[in-house]
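Below: one structure, written as structure tokens.
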Amino acid sequence: MRAPRPNSREKILAAAADVARESGPGSLSLDAVASRAGVSKGGLLYNFPTKAKLMQGLVEGYLRDFEQALEAASSGDDGENPLAAYIRLSASECEEKQPSASWIFSAIAEDPDFMTPIKTFKRQLFERLKGETSDLKSLLICYLAIEGLRSMNLFDFDVLSKDEREFLVASLLEIAGSPGAEQVSGTRS
């Protein structure tokens, strides 16, 4: 049996992700994406009428992937609670160097609704974690610290050393009641 062929929207998003990784999202060219996807520029614009809509599609794909990874991590056999899984997954992502966030400002300027899916996702994620975490205080501390770490990474103003980030993550895992957090948090006193 043959694998199903990706539709043009999926091909365009995959090509856009490749181009963005290679040249940075701020340098994303619709011509380069169309060429990489093997579609005409008209075909690209049919699926994504503006560059901001294309970027929004990429962000929505990232959010879906993050949700699936979080679901897989929190449904594992290791006893990890959802808050600890969120902390580990997010901290791991924050270790990766991000391209300049200037593309976000361009996308927002072009389409003020660009942030709507992100806001919706973040609110749903927080509500999910709130429903699965018995201690609101711990959730607030961990969630806001991780989102701060994510923002520092995104806007390239990380002021923490590698040791300080590791200590923060270990401390957050301890607050979240993660099994094995004690072993990690012993790295710094």
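The values are calculated or read from the model by the stated rules, or taken from the named source; none is laboratory data. As the structure is a prediction and not an experimental result, all values here were calculated from the model. Cβ coordinates were reconstructed from backbone atoms using ideal geometry, including for glycine residues, and neighbour counts include every protein chain displayed. Side chains are part of the model used for accessible areas, which takes the heavy atoms of the whole protein and leaves out ligands, DNA and RNA. Shrake-Rupley method; radii C 1.70, N 1.55, O 1.52, S 1.80 Å.
Annotations
- Within segment 26-84, helices (runs of 4 or more DSSP H) holding 2 or more residues that are under 21 Å from residue 116 (Cα atoms) and within 23 Å of the chain's Cα centre (by Cα): 51-74
- Scanning segment 5-57 for residues that are closer than 19 Å to residue 111 by Cα, among the polar types (S, T, N, Q) and open to solvent by 30 Å² or more (accessible area, probe 1.4 Å) yields 27, 29, 47, 50.
- Considering residues of segment 119-148 that are of a type outside the set (Asp, Glu) and not in a helix (DSSP H, G or I) only, the residue surrounded by the most Cβ atoms within 10 Å (Cβ to Cβ): 133
- Picking from residues in segment 149-181 that are part of a helix (DSSP H, G or I) and exposed (fewer than 13 other Cβ atoms within 10 Å of the Cβ), the one that is modelled with the lowest pLDDT is 162.
- Pairing each residue of segment 30-52 that is under 12 Å from residue 14 (Cα atoms) with any residue that is at pLDDT 90 or above and of a type in the set (Phe, Trp, Tyr), provided the two are 6+ apart or on different chains, yields C-beta distances under 9 Å for 33/48.
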